[in-house]
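The block underneath contains the structure these notes are about, expressed in structure tokens.
The values are calculated or read from the model by the stated rules, or taken from the named source; none is laboratory data. On a predicted model such as this, the values are computed, not experimentally measured, just so you know. In this analysis, Cβ positions are derived from the backbone assuming ideal geometry, glycine residues included, and neighbour counts consider all displayed protein chains.
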């Protein structure tokens, strides 16, 4: 597979504090998970890619173009969608208003508001409800649907399973698998190891702002010691 997205020697700072140190990764149109304990820099990595860090150095290339230093809206316009941790919906907007706000230019493309409603029928039932009146699972559906309306080639998802019931998590996994099968790249930041290993075979372990190791879902699921070491969790049930 050809390279779609590359990060090389990325460093990111909040004031004098360095959060990311020499992060490098390469991915094609595939699912890749970034896992690690709290406070390791995973969310900062997402923010740096999306142009939301006050200071960052190194290189971030998407489809061969340098995007480090570009404003967030330009990055999104190039074909990178973002599902942020906490969803960040607008309390004053209904479900349909969230989607219609981004509907311009989607006619004839894979993802339109109607396609989002087809993917998430529950949202169609709640069109007139405010975004923050939804359940946690419905809010996550809306956050994903909003990101898909940019018709991205790369979807970055930051802790998408956080706070969701097990049945909703299963639906999330199925959605992500379908998107990858359709050719979309997904960079998944996730502490839930079951979700991370179900969606992505490549697993990048972040420790103290660095990519400390790369492994596979197959290897990690069968390695109880690695699960404890990288995430501080009890091993996945076999």
Kindly indicate whether any position in the range 161-182 is in contact (Cβ under 8 Å) with a residue 12 or more places away in the chain, within 22 Å of residue 77 (Cβ to Cβ), touching a helix residue (DSSP H, G or I) at 6+ places or on another chain (Cβ under 7 Å) and surrounded by 19 or more Cβ atoms within 10 Å (Cβ to Cβ).
no
Residue 16 vs (1) modelled with pLDDT of 95 or more; (2) farther than 20 Å from residue 83 by Cα: all pass except (1)
Result of the Cβ filter at 8 Å on the range 81-102, keeping first residues that are more than 14 Å from residue 147 (Cα to Cα) and partners that are in a strand (DSSP E or B), at least 6 apart or interchain, is 91/130; 92/130; 93/130; 94/130
Within the range 149-160, the count of residues that are closer than 10 Å to residue 79 by Cα, assigned to a loop (DSSP other than H, G, I, E, B) and out of contact with any helix residue (DSSP H, G or I) (no Cβ under 7 Å at 6 or more places or on another chain) comes to 3
Residues in the range 49-76 that are under 21 Å from residue 146 (Cβ atoms) and either in contact (Cβ under 8 Å) with a residue 12 or more places away in the chain or crowded, with 22+ Cβ neighbours inside 10 Å (or both) total 12
The condition from (1) outside any loop (DSSP other than H, G, I, E, B); (2) in contact with a helix residue (DSSP H, G or I) (Cβ under 7 Å, 6 or more places away or on another chain); (3) at pLDDT below 95 that residue 91 misses is numbered (1)
Selection from the range 40-64 of residues out of contact with any helix residue (DSSP H, G or I) (no Cβ under 7 Å at 6 or more places or on another chain) and part of a strand (DSSP E or B) yields 55, 57, 58, 59, 61
Inside the range 114-150, the number of residues satisfying the requirement of being farther than 16 Å from residue 175 by Cα, surrounded by 18 or more Cβ atoms within 10 Å (Cβ to Cβ) and modelled with pLDDT of 90 or more is 2
